[in-house]
Ligand code: MN
Ligand code: MN
C-alpha cells in the first residue's frame, strides 16, 4: 500500500484530522524527497480525507516536483510567514482541523507554539512517531538493495583505511584518507563521523578520532559508514599494527567469537534480547563481561537510530526484513579496545550482512 495512504488509514483509526510531518527523514521515507531545510520550514501535511501537500522553501519546490510527488507543493520566500501560509492552505480545504498528530521526537517547542498560534482551534496531542518507526521496521527489497550498496562502500572505505594505517600516521590522517578516497568515487556523505582509534584510545567506545599517532604493536579500531540514496551503512573492524600484546590478542579473539556466534544464530522468531545474550555469554564466559558496556546492536536503515534495539529487555521477535547491527565490543581502560560490527538483514532462515570485509584479524603493515 502507498505509504501516505497508510498514514491516512492511521489517522482514521486514531480519530485524527491530519498529521503535520516535519522530520526530514520521515518526509524522505514517505515521498523520497530529502532535504534538511535547517531553519527554514519543510512540512508534509496529510489529511484523513483530503489531498496531502508539501509546504517547502521556494528554492526546494522544483526538486520536490522532480521526485514525482503527485500532490500539490507550495513554496514560500524567505521574507514570508510560513506558518500563516500553512494554516491558510489547511483552512482552504475546509476540513476538520481539530485533532492534529505530530512527530513529537522531532518537532521543537518553538515550532509547536507557532503552529498553535496559527491553528488556535487545533490540539496537538497524538504522537505519530511510533507509527512511523513501526512502518520503517521491516525493510522492503528496494530498501535492502540500497543498504547493500551503502555496505559495499563501507567495505571500500575499510580497504583504503587499512592501507593508510601505519606506525607514525595520525588517526585523523587515516580517517581523512579513506573519506578522501570515497569522495573521489562520488560517495559524498558518511553516516556519522568516521572513527579511527589506536591502542588504548579504542577503549573509549564513544571517543572521537584524534591526532594521536598510531604506534607499533597496537590494535586500531575503525568504525565507519556511508550514505547511499538515503540509506546508511555502519560497520567496525579492528586491525593489528605489528604484534599487539597478548591481552589485546585475547580480547580480539573473544570479541570475534561473540560476533560470529551471534551473527550465525540469527533466525526469525527469536527475540532481540536472546540474540544479545548469545554474544554476551561468550564474552562473560571468557571473563570480560564487565568490559562489554553497551547493547549488542541497534536497528538501522535510513539512520542508526531505528528498531529493533538488540538488548536485554527487548522481547521483540526478529522477522525477515528487519535490519540491525551486531557489534560486540570489549573495552579495557588504558589497555585496548576491540569492536567488530556488521549490520545484517534477517532472511527466512538466518541473516545476511551488508558488509563483507574479513573479520579474521588483519595485520595491515
Ligand atoms: Mn558502528
Ligand atoms: Mn553501530
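Rule-based calculations on the coordinates, nothing more; no lab input. Keep in mind that what you see is a predicted model, and the values were worked out from it rather than measured. All Cβ positions, glycine included, derive from the backbone under ideal geometry; neighbour counts span all protein chains shown.
Below are the figures for this structure:
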item	result
Cβ-based exposure ranking for 355, 105, in which fewest neighbours within 10 Å come first	105, 355
Gyration tensor verdict on segment 133-173 (Cα atoms; rounded if a/c is under 1.5, prolate if a/b is larger than b/c, oblate otherwise)	prolate
Relative contact order %, segment 61-198, counting alpha carbon pairs below 8 Å whose residues are six or more apart	15
Cα→Cβ-extended label distance, 7 Å offset, between residue 67 and residue 286, nm	4.4
Theoretical ellipticity at 222 nm over the chain - DSSP helices of four or more residues, -39500 (n - 2.57) apiece, nearest 500	-11000 deg cm²/dmol
Cα-based shape type of segment 1-84, given that a ≥ b ≥ c are square roots of the gyration tensor eigenvalues and the cut on a/c is 1.5	prolate
Percent RCO, i.e. relative contact order, over segment 163-284, from Cα pairs under 8 Å lying at least 6 residues apart	21
Segment 249-365: Rg to Rh, with Rh as the Kirkwood radius over Cα pairs	0.96
The chain: relative contact order as a whole-number percent, Cα under 8 Å and 6+ apart	14
Rounded tilt (10° steps) of 109-118 against the dominant C-alpha axis of the chain	10
Rule-of-thumb Rg ratio for the chain [Cα; 2.2 N^0.38 Å; N residues]	1.12
Theoretical FRET efficiency, 1/(1+(r/R0)^6), r = Cβ-Cβ of residue 2 and residue 293, R0 56 Å, to 0.05	0.85
Nitroxide proxy distance, nm - points 7 Å out along Cα→Cβ at residue 305 and residue 84	3.4
FRET efficiency, 1/(1 + (r/R0)^6) with R0 22 Å, evaluated for residue 159 and residue 180 via beta carbons	0.95
Extended-chain gain in nm, criterion 0.36 nm per residue less alpha-carbon gap, residue 98 and residue 229	43.5 nm
Residue among 160, 259, 134 with the largest mean-square fluctuation in a Gaussian network model of the chain, springs linking Cα atoms under 10 Å	134
Tilt relative to the chain, helix 141-164 - C-alpha long axis, 0 to 90 degrees, to 10	40
Stokes-Einstein D in µm²/s, Kirkwood radius over Cα pairs - segment 180-304 at 37 °C with 0.692 mPa s viscosity	201
Estimated FRET transfer efficiency (residue 38, residue 267; beta-carbon r; R0 45 Å; 0.05)	0.55
Net lengthening on full extension, residue 91/residue 110 (0.36 nm per residue, minus Cα-Cα)	4.7 nm
C-alpha long axis of helix 246-265 to longest principal axis of the chain, angle in °	50
Tensor-based shape of segment 325-365 (alpha-carbon gyration tensor, a/c under 1.5 rounded, otherwise prolate or oblate)	oblate
Length released on extending from residue 317 to residue 352, taking residue separation times 0.36 nm less the Cα-Cα span	10.9 nm
Mean Cβ count within 10 Å, highest first, over the residues of peptides 341-351, 83-93	341-351, 83-93
Distance between modelled label sites at residue 188 and residue 77, nm, 7 Å Cα→Cβ extension	2.7
